[in-house]
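To start, the structure under review is shown below, and the notes come after it.
The values are calculated or read from the model by the stated rules, or taken from the named source; none is laboratory data. Just so it is clear, the model here is predicted, and its values are computed rather than measured. Cβ coordinates were reconstructed from backbone atoms using ideal geometry, including for glycine residues, and neighbour counts include every protein chain displayed. For accessibility, only protein heavy atoms count, side chains too; no ligands or nucleic acids. Shrake-Rupley method; radii C 1.70, N 1.55, O 1.52, S 1.80 Å.
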Amino acid sequence: MAYFTKQEAREAARSRQIKSNYSSFETILNENIRTKISQINFDIFLSHSSQDAELVLGVVSILENLGYSVYVDWINDKQLSRENINKQTAKTLQNRMQQSKSLLYLATSNSSNSKWMPWELGYFDGLKPDRIAILPILDSSNSNFNGQEYLGIYPVVNKTNHTNGTPDIFVFDGSTRWSTLKRFSSGSPSWSNF
């Protein structure tokens, strides 16, 4: 099994930056607003730290290239202000979580400093249990993932091959069950046992 790496996410972000001819990752993400603002349903709600703009862009790019629709608050709801967080901010995020089939928690070195990520995780868990997975972004694909202890109750996303050798993205729930990300993000996870 292998995890996604920071380098992989950064390369995807830079590739998208070159294709888009934009100077900053935030500009590229913000340019997606016009096409995504009217979107009502999402495969994935991406819970992330605002300090990880480049990694977020890379992960969004990777997931969208695989056919997933991804919600990111400051892309889809530009009106949300990180300087003026209020009840309406929370209500907007709650509505967007209701419109999302699954939640991926982007675990980076910055995520432990986020005040909103644990709130999003808890709200989504109460709303749609069994549809949350942790997506670690590590320095090396074979690194050990040791996130905050409460993250250990959720399945983890990583890359590996099917028994026939075809690569895919999987969600592993400890050592007893697994699902493909495609099945997991469909809104009705279908788990297989080892």
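Tabulated results
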| item | result |
| --- | --- |
| Number of positions in the stretch 1-24 that are over 17 Å from LEU135 (Cβ atoms), modelled with pLDDT of 60 or more and surrounded by 12 or more Cβ atoms within 10 Å (Cβ to Cβ) | 6 |
| Counted residues, the stretch 138-152 - those being closer than 18 Å to SER114 by Cβ, outside any strand (DSSP E or B) and not small (Gly, Ala, Ser) | 6 |
| Total residues in the stretch 101-111, condition open to solvent by 60 Å² or more (accessible area, probe 1.4 Å) and farther than 22 Å from SER69 by Cβ | 1 |
| Pick from the stretch 157-185, criterion open to solvent by less than 30 Å² (accessible area, probe 1.4 Å) and assigned to a strand (DSSP E or B), ranking: farthest from GLU8 (Cα to Cα) | SER179 |
| Subset of the stretch 119-137 (residues that are open to solvent by less than 50 Å² (accessible area, probe 1.4 Å), over 23 Å from LEU57 (Cβ atoms) and either among the small types (Gly, Ala, Ser) or part of a strand (DSSP E or B) (or both)) | GLY122 |
| Residues (charged (D, E, K, R) and part of a loop (DSSP other than H, G, I, E, B)) located in the stretch 98-118 | LYS115 |
| Identity of the residue in the stretch 57-97, of a type in the set (Asp, Glu) and in a loop (DSSP other than H, G, I, E, B), that ends up modelled with the highest pLDDT | ASP77 |
| The stretch 44-53, residues that are in a helix (DSSP H, G or I) and within 13 Å of the chain's Cα centre (by Cα) | SER50, ASP52, ALA53 |
